[in-house]
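Below: one structure, written as structure tokens.
The values are calculated or read from the model by the stated rules, or taken from the named source; none is laboratory data. All values reported here derive from a predicted model rather than from experimental measurement. Cβ atoms come from the backbone with ideal geometry, glycine included; neighbour counts cover every protein chain shown. All accessible areas refer to the heavy atoms of the entire protein, side chains included, with ligands and DNA or RNA removed. Shrake-Rupley method; radii C 1.70, N 1.55, O 1.52, S 1.80 Å.
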Amino acid sequence: MEEINGTKLYIDLLKKELSKQREVYLALKEGFREDVCYKPYQDKEYGTQDANYTGRLRLAYYLLYEKEGDEQTIVWLFLEELKDREENSFQGIGTTIEILTYLLGKYNSGHKYDELFSRAKNANFDCACGYSAELVMSETLSDNDLLDCIYMCEDLEYKTLMETLVAQWRDSVEVWDEGKRADLIRFNTFLGKKAENESLYLEQLTLAKEAGELNEIILAYSHMIRHYLDMGNFGKAHEYIDEVRGMTEDKKTRGIRLYDLLEEALEIVCLEREWGEGGSLLKEAEKGDGINVQVKELNGVSSEQKTKELWEWAREGLKREKSWYGNLYKKGIAAAKAMQDPYVAHLEKKYKAWQKK
């Protein structure tokens with residue numbers, strides 16, 4: 001790995017990025033807290049979140065690696081982070097509270113901050129299960145390897161730097177295995193490069209087929225199908241789900257949960273009905289200048305018969321399914337409605353009973 005004055009290049013680049021937090025730190029010392037104070041907001045999907053979580057995380061890493069030794073600032077940041085742990089709908093522990101716990105522990109002579117640590121332990125369910133005040137951390141940035149730094153950039157939302165480090169890491173890999181491909185898929189997804197994952201998923205599927213483990217083959221198919229759905233190419237998604245459907249009739253799959261494939265099949269059914277002849281999305285697209293033809297070619301809209309066959313397969317899977325959950329009910333109901341299948345009444349009744357449990 002390339003070095004500058006004895007320091008690995010990726011360490012030097014990350015150190016330079018983190019050094020920008022000095023301005024935030026000095027501003028905080030002067031009373032400007034807007035960028036790092038607890039700032040709750042409501043997310044439609046995730047509930048109560050904190051707009052400044054990443055800001056505090058960046059500053060916590062700066063304090064850790066620059067060894068500022070500022071007790072007052074650490075205590076204030078800890079209290080702000082506690083608010084997020086206590087109010088965040090997602091709950092969680094998070095790296096910020098862990099770094100601040102380690103730093104605050106240095107000033108805990110005479111158990112000065114035991115009450116704060118106890119409050120953190122009881123902040124939410126995740127903290128109750130996994131938080132510890134007895135943390136030990138390295139204060140030396142160069143103790144991190146390249147992958148550590150990439151994951152750190154992901155947490156800190158340093159996307160430009162992360163892209164540079166991912167390129168360095170990718171070029172350094174001599175032998176690709178499932179774990180390394182999974183890492184690259186994750187990195188590409190975070191960096192907005194999902195299209196580059198197609199070949200990686202295909203490779204995972206090919207290797208799973210060669211290994212012959214049915215569970216892994218079905219999982220690889222599911223990942224491939226989900227990729228095409230995320231890319232808006234549900235024609236390709238249908239093609240791959242048709243391939244894997246035959247395998248699910250194998251008696252060996254009886255111990256394998258197929259809920260991911262079921263969810264994907266139900267999504268495809270809905271999409272194909274919406275983009276098929278008379279579908280709501282097709283009608284909307286037809287208002288444009290011929291865009292309907294382009295969209296249909298892009299998404300590979302399947303024939304009505306193929307959609308019907310997929311729905312019948314998914315419906316039978318739903319009838320056999322014993323472990324139901326919210327998303328499966330919702331997608332099953334949506335697909336049954338799209339197909340105008342009377343089975344929707346049964347699903348809606350079952351869903352209402354499940355909600356009352």
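Working ranking of peptides 121-133, 154-166 by packing, defined as the average number of other Cβ atoms within 10 Å per residue, highest first, is 154-166, 121-133.
Values of log10 I(q)/I(0) for segment 1-159 across q = 0.09 Å⁻¹ run -0.30, by the Debye formula with one identical scatterer at each alpha carbon and no solvent. Which of these, Phe117, Phe90, Phe190, has the largest mean-square fluctuation under a Gaussian network model of the chain (Cα springs below 10 Å)? Residue with maximal mean-square fluctuation among Phe117, Phe90, Phe190: Phe90. Each Lys and Arg contributes +1 and each Asp and Glu -1, all at the Cβ; summed about the Cα centre of the chain, the dipole is approximately 1560 debye. Among Glu178, Glu316, Glu203, the largest mean-square fluctuation in a Gaussian network model of the chain (Cα springs under 10 Å) belongs to Glu316. In order along segment 95-103, phi translates into HN-Hα couplings of 5, 4, 5, 5, 4, 5, 5, 4, 5 Hz, rounded to whole numbers, per the Karplus curve 6.51 cos²θ - 1.76 cosθ + 1.60 with θ = phi - 60° and x for Gly and Pro.
Only one item in (i) -0.59, -1.08; (ii) -0.41, -0.89; (iii) -0.81, -1.06 matches log10 I(q)/I(0) by the Debye sum over Cα atoms at q = 0.08, 0.12 Å⁻¹ derived from the coordinates shown, and that item is (i).
Under 5 Å between amide hydrogens, built in the peptide plane, is the criterion, and for Asp145 it picks out nothing among residues at least 5 positions away or on other chains. The HN-Hα couplings worked out from phi for segment 64-80 by the Karplus form 6.51 cos²θ - 1.76 cosθ + 1.60 (θ = phi - 60°) are 5, 7, 8, 6, 5, x, 10, 4, 4, 5, 4, 4, 5, 4, 4, 5, 5 Hz, whole numbers, x standing for Gly and Pro. Viscosity 1.567 mPa s, temperature 4 °C: Stokes-Einstein D of segment 113-221 from its Kirkwood Cα radius, in µm² per second? Roughly 76 µm²/s, to the nearest whole number. In order along segment 340-350, the phi-based Karplus estimate (6.51 cos²θ - 1.76 cosθ + 1.60, θ = phi - 60°) of 3J(HN,Hα) comes to 6, 9, x, 4, 4, 4, 5, 5, 5, 5, 5 Hz; Gly and Pro are listed as x.
Relative contact order of segment 1-131, taken over Cα pairs closer than 8 Å and 6 or more residues apart, is 20 percent. Rounded, prolate or oblate: which fits segment 313-357, taking a ≥ b ≥ c as square roots of the Cα gyration tensor eigenvalues, rounded meaning a/c under 1.5, else prolate when a/b beats b/c? Note, shape of segment 313-357 comes out oblate. Bridging of Lys356 to lysines at a Cα separation below 21 Å is possible for Lys319, Lys322, Lys330, Lys331, once same-chain residues fewer than 8 apart are set aside. Counted residue by residue at 0.36 nm each, then reduced by the alpha carbon distance between them, the extension gain from Val173 to Lys83 reaches 28.2 nm. When only Cα pairs under 8 Å and 6 or more residues apart are kept, what is the percent relative contact order across the chain? Once normalised by length, the contact order is 10 percent.
First compute the accessible area of the chain with a 1.4 Å probe, then give the percent of it belonging to carbon and sulfur atoms.
Details: 9360 of 19620 Å².
Roughly 48 percent, rounded to a whole number.
Between Leu205, Leu116, Leu14, the Gaussian network model of the chain with springs among Cα atoms under 10 angstrom shows the greatest mean-square fluctuation at Leu116.
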